[in-house]
């Protein structure tokens, strides 16, 4: 496990409104990660960003400490001023080796989530990994780590009650929205067509909301969600001219700057002066801070859900010890598997080397003797050599595994 490292920034040490400054624009993730991967000679890495954490997971022999973290953040080129750089470095949690694995397992099982027991985090971790895998940023080592992460999370969710009567940031946001007693025919603008907004849309549809307009950077995705909701679809540019009014805005995009500026908000109001509701689940927030100062707004954001989340943790506290045991068991099982895999990778060249030796023997060293044999003798010799080749390939592997088992 000595190569597994994690640099983590979470809601436990960083204000959620500040955490957004570490979020990398979706369109630029691959080139930015490719740059730092090459810059620091990191063999494998992936990047995770959710509503309450930003983390960089890597397989590297480099020493990862606060100094490295500062260089790393600078290399990302996300334009942090000295104040925020110092704030983030002070708040950074750095894990390595077995602690890093344990941290990833706890994340995937939602033990480190704002809302303990929400299964969405596993899907988010898998999606983050898959995106980086497809971009060629990960390899065999992190593949094995992720297999352990997924296996452990599934066992925790299956064999404990930690996700019984599941709640999530989305469901908490909907509860707060429901408390405001909006009418089912309220005009709802949905900005962003990602997983979070799709999930909250299901709640709205289930409770008979029916008046939707969906805005998204990619129009096709807006059209897909709008079709599910029997609503209208627009691209993000249409926010600047949309004049049909609204009662509720639900927004969650991966933008690094506010989507809803004061100018756009005035346009969306279309002259209406009544108090509106904004559900902003984006990190960083999609809503410009000035809107809350200048207009009457019921504002629901991730940070405002903290108190409900704390109560949720208390309710599920007795399940944590059971989950911890499952995590410990999977960690113990994973370490010898990882060692075995390393042996397999290290010994991949054995079959090729043995084939080279065989070919050299037959075609060079003993070529004259082989050529002087009759056909029947050559066939017997070939069978003997092929048999010995297979045995020579399997024996070192079996011995290596036995040594590994005995050493454990």
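The values are calculated or read from the model by the stated rules, or taken from the named source; none is laboratory data. Nothing here was measured: the structure is a model prediction, and the numbers come from that model. Cβ sites come from the backbone with ideal geometry, for glycine too, and all protein chains shown count toward neighbours.
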Worksheet, complete the sentence: Among the residues of the stretch 97-141, the number that are under 21 Å from residue 14 (Cα atoms) and either surrounded by fewer than 16 Cβ atoms within 10 Å (Cβ to Cβ) or without any contact (Cβ under 8 Å) to a residue 12 or more places away in the chain (or both) is 1
Worksheet, complete the sentence: The residue that is surrounded by the fewest Cβ atoms within 10 Å (Cβ to Cβ), considering only those in the stretch 1-17 that are over 29 Å from residue 330 (Cβ atoms) and touching a helix residue (DSSP H, G or I) at 6+ places or on another chain (Cβ under 7 Å), is 17
Worksheet item: Within the stretch 43-63, can you find the residues that are over 18 Å from residue 132 (Cα atoms), touching a helix residue (DSSP H, G or I) at 6+ places or on another chain (Cβ under 8 Å) and surrounded by fewer than 21 Cβ atoms within 10 Å (Cβ to Cβ)?
Response: 62
Worksheet item: From the list 220, 227, 238, which residue is in the same structural domain as residue 181 (by TED's automatic domain parsing) and within 26 Å of the chain's Cα centre (by Cα)?
Response: 220
Worksheet item: What residue, among those in the stretch 165-193 that are part of a loop (DSSP other than H, G, I, E, B) and in contact with a helix residue (DSSP H, G or I) (Cβ under 8 Å, 6 or more places away or on another chain), is surrounded by the fewest Cβ atoms within 10 Å (Cβ to Cβ)?
Response: 167
Discussion item. Given the options 327, 300, name the one that is part of a helix (DSSP H, G or I) and either more than 30 Å from residue 159 (Cβ to Cβ) or modelled with pLDDT of 70 or more (or both).
Written reply: 327
Fill in: Test result for residue 205, in contact with a strand residue (DSSP E or B) (Cβ under 9 Å, 6 or more places away or on another chain) and part of a helix (DSSP H, G or I)
yes
Worksheet item: So is residue 161 modelled with pLDDT under 90, loosely packed, with under 15 Cβ neighbours inside 10 Å, touching a strand residue (DSSP E or B) at 6+ places or on another chain (Cβ under 8 Å) and outside any helix (DSSP H, G or I) or not?
Response: no
Discussion item. So residue 77 ticks every box in (1) farther than 21 Å from residue 195 by Cα; (2) free of Cβ contacts under 8 Å to residues at least 12 places away in the same chain but one. Which box is left unticked?
Written reply: (2)
Discussion item. Residues that are buried (at least 19 other Cβ atoms within 10 Å of the Cβ) and either touching a helix residue (DSSP H, G or I) at 6+ places or on another chain (Cβ under 8 Å) or outside the structural domain of residue 16 (by TED's automatic domain parsing) (or both): does the stretch 80-87 have at least one?
Written reply: no
Worksheet item: On the given criteria, is residue 94 touching a helix residue (DSSP H, G or I) at 6+ places or on another chain (Cβ under 6 Å), assigned to a strand (DSSP E or B) and touching a residue at least 24 places away in the same chain (Cβ under 8 Å)?
Response: no
